[in-house]
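Peer 1: Take a look at this one; I'll ask things after.
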Amino acid sequence: MDSERLFDAVRTQSGDTEFYLPLPSGYQLGSTKFVVVFGTVMSGLGKGIFSSSLAKCLQDKGLTVAPIKLEGYLNIDSGTLNPFRHGEVFVLDDGTETDMDLGTYERALNLNLTRLNFATSGQIYRRVLERERTGGYLGRDVQMIPHVTGEIKNRLRELALASKADVVFVEIGGTVGDVENAHYIEAMRQLAFEEGQRSVCFVALTFILEPSILGEQKSKAAQLGIRRLLECGVQPHIIACRAQTPVTRKVREKIALFSNVAPERVFSMHDCESVYLIPELLRGAGYDKAVMEWLELESKVEETVEREAREEWLNYLNQRRSANREVRVGITGKYTSVRDAYASILKALEHAGTYLGCKVDVDWVDTSELTDAKAAETLKDIHAIIVPGAFGTRGADGKIACLKCARTTGLPALGICYGFQMAVIEFARNVCGMEDANSTEIDNECRYPVINLLPEQKKIEGLGGTMRLGGQDIVVKEGTLAQRMFGSRARMRFRHRYEVDPRYIPQLEFGGMVFAGRSPRAEIMNLLELPATMHPYYVGTQAHPELTSRPLDPNPLFVGLVHAALRRKYGTDQVASLVFPRERSDADDDESSAGSSSPQSVSRA
Ligand code: GLN
């Protein structure tokens, strides 16, 4: 069918056509390539990791890629989701609260993403309903097809326009067959037709069972999953078979036979020791080549760019592999049973460990029942602690007990957001003599509310998207440890309602606490540290430093913590003094007089 002619008719939008094609102004059909990843058989196959690794392979070839995750749920964003059920809430620089997969994309692609890279059914429906209320549908009844699906395609094209990407990577949340994502799948079918031949590459991620009682790989579930996709009118071009062990040729051929996909485009994607190895696994198997061929992008490959990108990545992997020391870091928190709730912290520790040539083991410290006496016992074999972000009151006393123990015994500590606030409370109580110091989040009646609501938060009533959110600049105080880490200005991401009450700053500073970073415009304390004379490494931040840590650009607050942990374990004289990533790249810059950009400190000029 001639889609060009069809669209000429639609473009006139005469009102009595069945078609509905909202295109962002300036968008040219067929000008962008799309890769769409679907999950079949079951969830939890690591679709985000797979998609981001595949996107990385293309990015490494010199292409501009822009990922988008389409979430099935009706929430407008992930801000109100419980990390127990859904994993951490990831915050983008523009303040969008998203699913943790966006963190996976940012880390893999070393990109700062925006609200354009994340859509939920809630956002799509909201737009459709708002348009209906303003008479945007010209008297028509508003339907799933073509209006909701039209809005979905519109979102992808807006991203394509804004990012000027060569390839937009679309990850469909959920599994084929869910009610929640049926509208997305239908929209993708339409997208392929509208954008024209070789503009859209459909990739199905499926699962190969290997029951131990049989001892062989079985492909039936995968076949049925793909058939389900075919029933939706989507013919996959590439099939990725998740499995524990490499998928046999026989199984891949069987899948090819039942799915109209050439056997050379049915690939194995078996377990590997680390997610960082996946890009190389994909390249080795030829996934990237298959996508490039399908989309006719081969002429765009820049071989030197690819060689350099791969070398850089392989160096990182080698450094990871050759780590020859080990430290144990305790994370105190109420979601200790759900590792996903702290996904970015775990990653940030890994990045810092790799930078310093050591492996970081994590111990989960449940603070719900912890007292001062028990804290010392619990932390005795740990080389550093992190007190992470949290909401509410549960476990607060236990966290304060851990921080007290760390402060008084020289145990390295990093307080993040809520953890930073707990460090201020502990210091106020035990050093500055404000016995009844607290956060008004915990005790509204306390005598010294050292942690109090941000002034602008006092007027807010709704829950979603109302915190102080997103990337903010931080002015760093001269002569502090933070200045060595960041220079005179840092940028980190925030998600909070409470802050250090400025009334108590003089008393806290008198006690010895150093507020090493503040907001440029308001009196918001962003970084704290204790001077080297008081503690080897006792640092806190109101921000979430874990969100901007990247494999090749670790966040210095974690680097500092892991370095201090190494010194605690192996002794100061056995661990070389620390050169922060920024100090290292400054030295490189001096040599080569080349600039470098980093998500940690944006305004280094
Ligand atoms: N509950 C605290 C606040 O709202 C801390 C938030 C956090 O740790 N993300 O300020």
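The values are calculated or read from the model by the stated rules, or taken from the named source; none is laboratory data. Because the structure is a prediction, the values reported are computed rather than measured. Reconstructed Cβ throughout: ideal geometry from the backbone, glycine too, with neighbour counts over all protein chains shown.
Peer 1: So, in segment 524-572, of the ones that are in contact (Cβ under 8 Å) with a residue 12 or more places away in the chain and small (G, A, S), which residue ends up farthest from the ligand (Cβ to nearest atom)?
Peer 2: A532
Peer 1: Against the condition within 22 Å of S121 (Cβ to Cβ), touching a Lys or Arg at 6+ places or on another chain (Cβ under 6 Å) and crowded, with 19+ Cβ neighbours inside 10 Å, how does E186 come out, does it pass?
Peer 2: no
Peer 1: Within segment 198-220, does at least one residue satisfy the condition of being assigned to a helix (DSSP H, G or I) and either over 24 Å from A262 (Cα atoms) or free of Cβ contacts under 8 Å to residues at least 60 places away in the same chain (or both)?
Peer 2: Yes.
Peer 1: May I pose another question? Pull up segment 429-442, narrow it to residues that are surrounded by fewer than 23 Cβ atoms within 10 Å (Cβ to Cβ) and in contact (Cβ under 8 Å) with a residue 24 or more places away in the chain, then point me to the one that is nearest to the chain's Cα centre (by Cα).
Peer 2: In this case the residue turns out to be E441.
Peer 1: Taking E426 as the residue in question, decide whether it is in contact (Cβ under 8 Å) with a residue 24 or more places away in the chain, farther than 15 Å from V365 by Cα, of a type in the set (D, E, K, R) and in contact with a helix residue (DSSP H, G or I) (Cβ under 7 Å, 6 or more places away or on another chain).
Peer 2: Yes.
Peer 1: Also, I was wondering about something else. So K220 passes all but one of these: (1) surrounded by 15 or more Cβ atoms within 10 Å (Cβ to Cβ); (2) over 25 Å from Y73 (Cβ atoms); (3) not aromatic (F, W, Y). Which condition number does it fail?
Peer 2: Exception for K220: condition (1).
Peer 1: Hey, another quick one. Take K477 and decide whether it is of a type in the set (K, R), surrounded by fewer than 19 Cβ atoms within 10 Å (Cβ to Cβ) and farther than 29 Å from V360 by Cβ. Steps first, answer last, please.
Peer 2: Values: of a type in the set (K, R): yes; surrounded by fewer than 19 Cβ atoms within 10 Å (Cβ to Cβ): yes; farther than 29 Å from V360 by Cβ: no.
No; evaluated as a whole, the condition is false for this residue.
Peer 1: Can you pull out every residue in segment 482-503 that is closer than 22 Å to M422 by Cα, out of contact with any Gly (no Cβ under 7 Å at 6 or more places or on another chain) and either assigned to a loop (DSSP other than H, G, I, E, B) or away from the ligand (no atom under 16 Å from the Cβ) (or both)?
Peer 2: Within segment 482-503, R497, D501, R503 qualify.
Peer 1: I'd like to check which strands (runs of 3 or more DSSP E) are fully inside segment 344-457 and have at least 1 residues that are aliphatic (A, V, I, L, M), touching a strand residue (DSSP E or B) at 6+ places or on another chain (Cβ under 7 Å) and away from the ligand (no atom under 14 Å from the Cβ). Reasoning before the result, please.
Peer 2: Working: elements: 358-365, 384-387, 413-416, 437-439, 448-453.
Ranges flagged: 358-365, 384-387, 413-416, 437-439.
Peer 1: Could you go through segment 403-414 and let me know if any residue there is crowded, with 24+ Cβ neighbours inside 10 Å and modelled with pLDDT under 95.
Peer 2: Checked segment 403-414: no residue is crowded, with 24+ Cβ neighbours inside 10 Å and modelled with pLDDT under 95.
Peer 1: If you don't mind, there's one more thing I want to ask. Here are some conditions: (1) assigned to a loop (DSSP other than H, G, I, E, B); (2) away from the ligand (no atom under 15 Å from the Cβ); (3) under 22 Å from I385 (Cα atoms). G517 meets all but one. Which one does it not meet?
Peer 2: Condition (1) is where G517 drops out.
Peer 1: Looking at the structure I just gave you, is T175 in a loop (DSSP other than H, G, I, E, B) and buried (at least 21 other Cβ atoms within 10 Å of the Cβ)?
Peer 2: Answer is yes for this residue.
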